[in-house]
Amino acid sequence: MTFQAGEHLATLAATATLPVLVPVRDPRLAVMSRMRQRERSGEPPAFPSAESGWQNLADALEAFRAKGIEHVVADVTAFRREPGPCLAQLCARLGLAGDDRMSSWKPVPGLCLGRLGGAQDLWYERVLGSSGIEPPDERVPEVDEFPKLMRAHLAMAMELYRSLTA
């Protein structure tokens, strides 16, 4: 999550030996997913806009450009829609040997990914139970389906997302 690295994101990225991979997802899907997971965990679904990470991402990308930090943006939905071609392109850009086996794996349910005493284990059930890259099946919500306090931030995030994926 970009907001967790915050102002240190560009500093961390400067240590990379390959171009930095910047995965992005339609902000409406990302925010809705976070709201759903918070609700499943017994928290209020709405959250501070800073926790979406989009402003941190915008700041980091500006710093990447200013400092000459090589990076590549990958749209997660496009990747899920056409994993083979996207993976081949990504590996070529990173100078890595591609392999069809990168698109599938063995499920690892129950793996703890965070240090929050299991508080967010529910958040990772789907990915840990998966066995490969799955095609997108989510309905993209409209901005007006979100709480009013999140809509202005979503508009900014959508603008950044569109510019990154253009």
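The values are calculated or read from the model by the stated rules, or taken from the named source; none is laboratory data. Computed from a predicted model, the values in this text were never measured in an experiment. The area values use the complete protein model at the heavy-atom level, side chains included, leaving out ligands, DNA and RNA. Shrake-Rupley method; radii C 1.70, N 1.55, O 1.52, S 1.80 Å.
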Of every hundred units of 1.4 Å-probe accessible area on the chain, the number belonging to carbon and sulfur atoms, as a percent, is 56 percent
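Subtracting the Cα-Cα distance from 0.36 nm times the residue separation, let me have the gained length for VAL143 to LEU96 in nm, one decimal.
On the way: separation 47, 0.36 × 47 = 16.92 nm, distance 3.80 nm.
Difference between extended and current length: 13.1 nm.
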When all C-alpha to C-alpha distances in the chain are sorted into bins of 10 Å, what percent of pairs does each bin hold, rounded to whole numbers? 9, 31, 40, 19, 1
With each run of n ≥ 4 DSSP H residues scored as -39500 (n - 2.57), what mean residue ellipticity at 222 nm is computed for the chain after dividing by its residue count and rounding to the nearest 500 deg cm²/dmol? -13500 deg cm²/dmol
Taking the square root of 5λ for each eigenvalue of the C-alpha gyration tensor of the stretch 43-120, the equivalent ellipsoid has semi-axes, largest first and in whole angstrom, of 27, 24, 13
Under a 10 Å cutoff between Cα atoms, tell me which one of MET35, MET150, MET102 has the largest fluctuation in the Gaussian network model of the chain. MET102
D (µm²/s, integer) via Stokes-Einstein for the stretch 1-66, Kirkwood Rh across alpha-carbon pairs, 10 °C, 1.306 mPa s: value 122 µm²/s
Tell me, in nm to one decimal, what length is gained between THR165 and LEU122 on full extension, where the rule is 0.36 nm per residue of separation less the Cα-Cα distance? 12.5 nm
Long-range amide H partners of LEU21, meaning residues 5 or more apart or on another chain whose placed amide H is closer than 5 Å, are VAL72
Which of LEU21, LEU122, LEU87 fluctuates most in a GNM of the chain (C-alpha springs under 10 Å)? That residue is LEU122
Of GLN37, GLN120, GLN55, which has the largest mean-square fluctuation in a 10 Å C-alpha GNM of the chain? GLN120
